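See structure below.
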2 protein chains.
Amino acid sequence: MLVVKKFGGSSVADPERIKRVARRVVEEHQKGNQVVVTVSAMGDTTDDLVSLAKQVTNDPSEREMDMLLSTGEQISIALLSMAIRDLGSDVISLTGGQVGIYTDDVHSKAKILKIETSRVKEELEQGRVVVVAGFQGIKSNHDITTLGRGGSDTTAVALAAALKADICEIFTDVDGVYTTDPRLVPEASKLKNISFDEMLELASLGAQVLHPRSVELAKQYGIPIHVRTSFDHREGTIVEEAPNMENAPVVSGVAHDYNVAKIGLFDVPDQPGVAKKIFKALSKHNLNVDMIIQSAMRNNMNDIGFTTTQDDLRKALQTIEAIQQEVGFRGYNHDEDVAKVSIVGAGMISHPGVAADMFEALADEGINLEMITTSEIKVSCVIKRSETEKAVKALHKKFKLDNLAEASIYNR
Amino acid sequence: MLVVKKFGGSSVADPERIKRVARRVVEEHQKGNQVVVTVSAMGDTTDDLVSLAKQVTNDPSEREMDMLLSTGEQISIALLSMAIRDLGSDVISLTGGQVGIYTDDVHSKAKILKIETSRVKEELEQGRVVVVAGFQGIKSNHDITTLGRGGSDTTAVALAAALKADICEIFTDVDGVYTTDPRLVPEASKLKNISFDEMLELASLGAQVLHPRSVELAKQYGIPIHVRTSFDHREGTIVEEAPNMENAPVVSGVAHDYNVAKIGLFDVPDQPGVAKKIFKALSKHNLNVDMIIQSAMRNNMNDIGFTTTQDDLRKALQTIEAIQQEVGFRGYNHDEDVAKVSIVGAGMISHPGVAADMFEALADEGINLEMITTSEIKVSCVIKRSETEKAVKALHKKFKLDNLAEASIYNR
């Protein structure tokens, strides 16, 4: 069996933890499996490097930033390889460049284009554990790039896909994917399985376990991901192609996201091409727009509302102001005091009335809905920020997710 | 003009110093010169990384150690490039691998075999300052190697040679090469020029300014080295091909070395091949042997004495013990309480009696000579450790090196 294992920064934060990860890797290797490991930078290394850069310049070039930050993972792979060798397994560390992880030219948020597998395969055939630096690749001219947020998860899944691994294990400080955030709802239940699509919705909606990029990639190549804790040997959650849609739970999780801001435009002329003008302008500035809602027309005028992240709000408002004249809307406002709650479930598609159940649960708590969007496997509502916890708890209870025994979610 | 500048770890120890180095580099670039900069790791970075490795394993693989340590220089080049760009010069950083600094396969003390110049030249032609990581290269399979002691100086000189630079400037925390260690002899004089050969002898003899490897390389390719301080703009010392041997000073410097231990073998059979057996055994264990002295034969038996470094002493004694039976000498002893003092001067060759002057100066101070060796441009004596300072002062005075005005050493 070929296993790709990924350990995050907190799992390799100090020499003791690195040794613990090494023990875990060597156990797998001594079972006779082929093992590829990818790691992030140790604990706060990346933050420390960013702070050094800030002391040198206010405006670091992204190329040099990638040159700087990629050292964090290089340190981790060297140390982890030493620890693995110390326990008796033959091992080799490889940087992204040495593996041949080729990316596009976008420094600080590069996308993987191709992974050369010859060097890794050669080392695996020699019986070695291969430790690969996460988060990094190279451009065609061999300049170092980094993959941006969720980069190490993406490296792991991309390696698993390129090597046709049997499974990609992502080790985190939580023990799996839960029906909702256990810090908010103590009754949250751990899921034994979840489909790629549900995980994608949950990941995008603010469940911090896996980055959506890595889930998309895993779905595309059909690589199952096992999300589990690095602290003990308990099984976590398998993210995989849904084996049987009919059997899927109606609602498998409740997500919430505080990083949301709402912008409303009033009296937008009801003409073709108006929405295009607005959202092209926003995308030109790389501003993420999530929900978009257009209200019913009155007097040839529309209201258009959309959400963006809190981080992007200032820039989005500047963009809106800049195009107001041209697009010809009367005014705009914004609200940062909001959050988004969502229910996700692959079985929703065959169970009408799920959205109505959601609205009922929220209404029963006296929570006002400011925006609503739906997809085939998700319903999201924007609500007042202060009511988030109450909303999540109510939804979790409504859809009978409290205190489920493992796996029972798929057999209710 | 094409200038290669090298800054050591203490010159880039923190963000403020990095900015100061950047100003210095940008000044040169704005004069219209082409500038290649090579830097070491920041201050204690290398020590910190070594200590991390030691916490993970007692016996780190040298390949992984090189993978680990090479991050130190990578951090420096990224930060220095950011600082240079901040001051308005276009700039690019390159790792040893990105330049194409190819070395042999000996991890932790690799030798440079070849430097590709195309990438560096291309960047220089674009008007960019090129910042290259010192101390590192790659093997033919792209594994990272490090060059060992004096590695960054060697990188700088090798780059200067490959690029046919006009000069290689080595910035240190001293302001040049002195006639002797100014910490020992306050009357020490700074040299304006010194020949490669003299510098080689001084470097090998314990004057810590330049590593002998880099001086050898500079001599081989005829690249003048300017040793100067990074703290101000004063001229330092130019190390170059001696322009006129006739004009060379008889003695240009007095060196001392505390890292010396003496081993004596008694009653070694006077047969062909005996010395070979002894010193082959020592070299097989990579033990550095410096002075070797064989006394006059008596009764078909010789005494053989040699010096090694204090670091190598234990291993050397073990080796000697292991071959005693085979070689057939009666006994051996050792002495760590010694030091070596030397006088160096290219003019010595045409001035007989210099060695006698040296012995006289030491005898006048009542200093006993335990071993003596001579070469064309140097005389070295092993003496009691506690008499080192007295010996150096006496020799410095004897050869009229006290308080010389700059340059006058070449015109006495």
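For a quick check of your reading of the model, give me the residue pairs whose first member lies in region A:330-349 and is in contact (Cβ under 8 Å) with a residue 12 or more places away in the chain and in a strand (DSSP E or B), whose second is aromatic (Phe, Trp, Tyr) and open to solvent by less than 70 Å² (accessible area, probe 1.4 Å), with beta-carbon atoms closer than 9 Å and at least 6 apart or on different chains.
A:GLY331/A:PHE266; A:TYR332/A:PHE266; A:ASN333/A:PHE266; A:ILE343/A:PHE399
Can you name every residue in region A:180-207 that is open to solvent by 30 Å² or more (accessible area, probe 1.4 Å), within 27 Å of A:GLU28 (Cα to Cα) and not basic (Lys, Arg)?
Listed by number, the list holds a single entry, A:ASN193.
In region B:351-370, how many are farther than 26 Å from B:ASP335 by Cβ and under 28 Å from the mean Cα position of the chain (by Cα)? Reasoning before the result, please.
Here is the first cut: in region B:351-370, the ones farther than 26 Å from B:ASP335 by Cβ are B:351-354, B:357.
Next, from what is left, pick out any that are under 28 Å from the mean Cα position of the chain (by Cα): B:351, B:354, B:357.
Looking only at that region, the number is 3.
Of all residues in region A:21-33, which are surrounded by fewer than 16 Cβ atoms within 10 Å (Cβ to Cβ) and in a helix (DSSP H, G or I)?
As a first pass, look at region A:21-33 and keep what is surrounded by fewer than 16 Cβ atoms within 10 Å (Cβ to Cβ): A:23, A:27, A:30-33.
Hits for region A:21-33 are A:ARG23, A:GLU27, A:GLN30.
Filter region A:192-221 down to the residues that are part of a loop (DSSP other than H, G, I, E, B) and either closer than 21 Å to A:GLU389 by Cβ or assigned by TED's automatic domain parsing to the domain that holds A:ALA161 (or both) and list them by number. Give the derivation first.
First pass over region A:192-221, keeping only residues part of a loop (DSSP other than H, G, I, E, B): A:192, A:205-211.
Passing the criteria: A:LEU205, A:GLY206, A:ALA207, A:GLN208, A:VAL209.
Hey, can you tell me all the residues within region B:388-412 that are assigned to a helix (DSSP H, G or I) and modelled with pLDDT of 80 or more?
Within region B:388-412, the first condition is being assigned to a helix (DSSP H, G or I), and the residues that meet it are B:388-398, B:408-411.
Correct list: B:THR388, B:GLU389, B:LYS390, B:ALA391, B:VAL392, B:LYS393, B:ALA394, B:LEU395, B:HIS396, B:LYS397, B:LYS398.
All but one of (1) over 30 Å from B:ASN193 (Cβ atoms); (2) surrounded by fewer than 16 Cβ atoms within 10 Å (Cβ to Cβ) hold for B:GLY353, so report the exception by its number.
All conditions pass for B:GLY353, except number (1).
Go over the candidates A:PRO15, A:PRO60 one by one and state the one that is more than 24 Å from A:ALA162 (Cα to Cα) and either outside the structural domain of A:ALA165 (by TED's automatic domain parsing) or open to solvent by 30 Å² or more (accessible area, probe 1.4 Å) (or both). Walk me through how you get there before you give the answer.
Numbers: A:PRO15 fails: either outside the structural domain of A:ALA165 (by TED's automatic domain parsing) or open to solvent by 30 Å² or more (accessible area, probe 1.4 Å) (or both).
Being more than 24 Å from A:ALA162 (Cα to Cα) and either outside the structural domain of A:ALA165 (by TED's automatic domain parsing) or open to solvent by 30 Å² or more (accessible area, probe 1.4 Å) (or both) holds for just one of A:PRO15, A:PRO60, which is A:PRO60.
What about B:ALA22, is it more than 10 Å from every other protein chain (Cβ to nearest Cβ) and closer than 22 Å to B:THR229 by Cα? Quick ask: steps written out before the conclusion?
Values: more than 10 Å from every other protein chain (Cβ to nearest Cβ): no; closer than 22 Å to B:THR229 by Cα: yes.
So B:ALA22 does not fit the description; no.
All but one of (1) modelled with pLDDT under 95; (2) part of a helix (DSSP H, G or I) hold for A:LEU124; state the number of the condition that does not hold.
(1)
Every residue in region A:129-149 that is assigned to a loop (DSSP other than H, G, I, E, B) and either over 24 Å from the mean Cα position of the chain (by Cα) or not aromatic (Phe, Trp, Tyr) (or both), please. Before the answer, list the steps.
Kept after step one, since they are assigned to a loop (DSSP other than H, G, I, E, B), are these residues of region A:129-149: A:134-135, A:139-143, A:147-149.
Result: A:GLY134, A:LYS139, A:SER140, A:ASN141, A:HIS142, A:ASP143, A:LEU147, A:GLY148, A:ARG149.
Quickly run through region B:155-179 and pick out the residues that are under 15 Å from the mean Cα position of the chain (by Cα), closer than 28 Å to B:VAL251 by Cβ and open to solvent by less than 10 Å² (accessible area, probe 1.4 Å).
Listed by number, the residues that qualify are B:VAL157, B:ILE170, B:PHE171, B:GLY176, B:VAL177.
Evaluate the following for A:GLN98: is it at pLDDT 95 or above, more than 9 Å from chain B (Cβ to nearest Cβ) and buried (at least 20 other Cβ atoms within 10 Å of the Cβ)?
Working: at pLDDT 95 or above: yes; more than 9 Å from chain B (Cβ to nearest Cβ): no; buried (at least 20 other Cβ atoms within 10 Å of the Cβ): yes.
No.
Going by the structure shown, is A:LEU362 in a loop (DSSP other than H, G, I, E, B) and touching a residue at least 12 places away in the same chain (Cβ under 8 Å)? Please lay out each step first, then the result.
Numbers: in a loop (DSSP other than H, G, I, E, B): no; touching a residue at least 12 places away in the same chain (Cβ under 8 Å): yes.
Criteria not met by A:LEU362.
Which of the residues belonging to region A:257-273 are open to solvent by 10 Å² or more (accessible area, probe 1.4 Å) and either part of a helix (DSSP H, G or I) or farther than 30 Å from A:GLU389 by Cβ (or both)? Give the steps one after another, and end with the answer.
Initial filter on region A:257-273 (open to solvent by 10 Å² or more (accessible area, probe 1.4 Å)): A:257-259, A:262, A:264, A:266-267, A:269-273.
Scanning region A:257-273 gives A:PHE266, A:ASP267, A:PRO269, A:ASP270, A:GLN271, A:PRO272, A:GLY273.
Given the structure, is A:LYS280 of a type in the set (Lys, Arg), open to solvent by less than 50 Å² (accessible area, probe 1.4 Å) and under 18 Å from A:ILE320 (Cα atoms)?
No.
Assess whether A:MET82 counts as being open to solvent by less than 10 Å² (accessible area, probe 1.4 Å), in a helix (DSSP H, G or I), facing chain B (nearest Cβ under 8 Å) and within 18 Å of A:ILE138 (Cβ to Cβ). Even if it seems obvious, please write down each step before you answer.
Working: open to solvent by less than 10 Å² (accessible area, probe 1.4 Å): yes; in a helix (DSSP H, G or I): yes; facing chain B (nearest Cβ under 8 Å): yes; within 18 Å of A:ILE138 (Cβ to Cβ): no.
It is false that A:MET82 is open to solvent by less than 10 Å² (accessible area, probe 1.4 Å), in a helix (DSSP H, G or I), facing chain B (nearest Cβ under 8 Å) and within 18 Å of A:ILE138 (Cβ to Cβ).
With respect to B:VAL50, is the statement that it is under 23 Å from the mean Cα position of the chain (by Cα) and open to solvent by 20 Å² or more (accessible area, probe 1.4 Å) true? It would help to see each step written out before you state the result.
Numbers: under 23 Å from the mean Cα position of the chain (by Cα): yes; open to solvent by 20 Å² or more (accessible area, probe 1.4 Å): yes.
In short, yes.
Quick test of your reading of the structure: B:ILE92 fulfils all but one of (1) hydrophobic (A, V, I, L, M, F, W, C); (2) within 8 Å of another protein chain (Cβ to nearest Cβ); (3) under 22 Å from A:VAL132 (Cα atoms). Name the failing condition by number.
So B:ILE92 meets the others, but not (3).
Which members of region A:130-152 meet the condition of being modelled with pLDDT of 95 or more and out of contact with any Phe, Trp or Tyr (no Cβ under 8 Å at 6 or more places or on another chain)?
Within region A:130-152, A:VAL130, A:VAL131, A:VAL132, A:ALA133, A:GLY134, A:PHE135, A:GLN136, A:ASP143, A:ILE144, A:THR145 meet the criteria.
Check region B:34-43 and report whether any residue there is at pLDDT 95 or above, over 22 Å from the mean Cα position of the chain (by Cα) and either more than 8 Å from chain A (Cβ to nearest Cβ) or exposed (fewer than 14 other Cβ atoms within 10 Å of the Cβ) (or both).
Yes, because at least one residue in region B:34-43 is at pLDDT 95 or above, over 22 Å from the mean Cα position of the chain (by Cα) and either more than 8 Å from chain A (Cβ to nearest Cβ) or exposed (fewer than 14 other Cβ atoms within 10 Å of the Cβ) (or both).
Taking the conditions exactly as written (open to solvent by 60 Å² or more (accessible area, probe 1.4 Å), within 25 Å of A:ILE263 (Cα to Cα) and either outside any helix (DSSP H, G or I) or touching a helix residue (DSSP H, G or I) at 6+ places or on another chain (Cβ under 8 Å) (or both)), does A:ILE383 satisfy them or not?
Numbers: open to solvent by 60 Å² or more (accessible area, probe 1.4 Å): no; within 25 Å of A:ILE263 (Cα to Cα): yes; either outside any helix (DSSP H, G or I) or touching a helix residue (DSSP H, G or I) at 6+ places or on another chain (Cβ under 8 Å) (or both): yes.
Spelling it out, it is not the case that A:ILE383 is open to solvent by 60 Å² or more (accessible area, probe 1.4 Å), within 25 Å of A:ILE263 (Cα to Cα) and either outside any helix (DSSP H, G or I) or touching a helix residue (DSSP H, G or I) at 6+ places or on another chain (Cβ under 8 Å) (or both).
Name every residue in region A:110-127 that is open to solvent by 60 Å² or more (accessible area, probe 1.4 Å), touching an Asp or Glu at 6+ places or on another chain (Cβ under 9 Å) and not aliphatic (A, V, I, L, M), in order of residue number. Break it down stepwise before answering.
Going residue by residue through region A:110-127, those that are open to solvent by 60 Å² or more (accessible area, probe 1.4 Å) are A:111, A:113-114, A:116, A:118, A:121-122, A:125-126.
Remaining after also requiring touching an Asp or Glu at 6+ places or on another chain (Cβ under 9 Å): A:111, A:113, A:126.
Passing the criteria: A:LYS111, A:GLN126.
Identify all residues within region A:214-227 that are touching a helix residue (DSSP H, G or I) at 6+ places or on another chain (Cβ under 8 Å) and crowded, with 21+ Cβ neighbours inside 10 Å; write none if there are none.
Listed by number, the residues that qualify are A:SER214, A:VAL215, A:LEU217, A:ALA218, A:ILE223, A:ILE225.
If you scan region A:52-76, which residues turn out to be at the interface with another protein chain (Cβ under 7 Å from one of its Cβ atoms) and closer than 19 Å to A:ALA110 by Cβ?
A:ALA53, A:PRO60, A:SER61, A:GLU64, A:MET67, A:LEU68, A:THR71, A:GLN74
The values are calculated or read from the model by the stated rules, or taken from the named source; none is laboratory data. Predicted model, so just to flag it, every value in this text is computed and none were measured. Neighbour counts are summed over all protein chains in view; Cβ atoms, including those assigned to glycine, are modelled from backbone coordinates with ideal geometry. Surface areas here come from the heavy atoms of the whole protein model, side chains and all, with no ligands, DNA or RNA. Shrake-Rupley method; radii C 1.70, N 1.55, O 1.52, S 1.80 Å.
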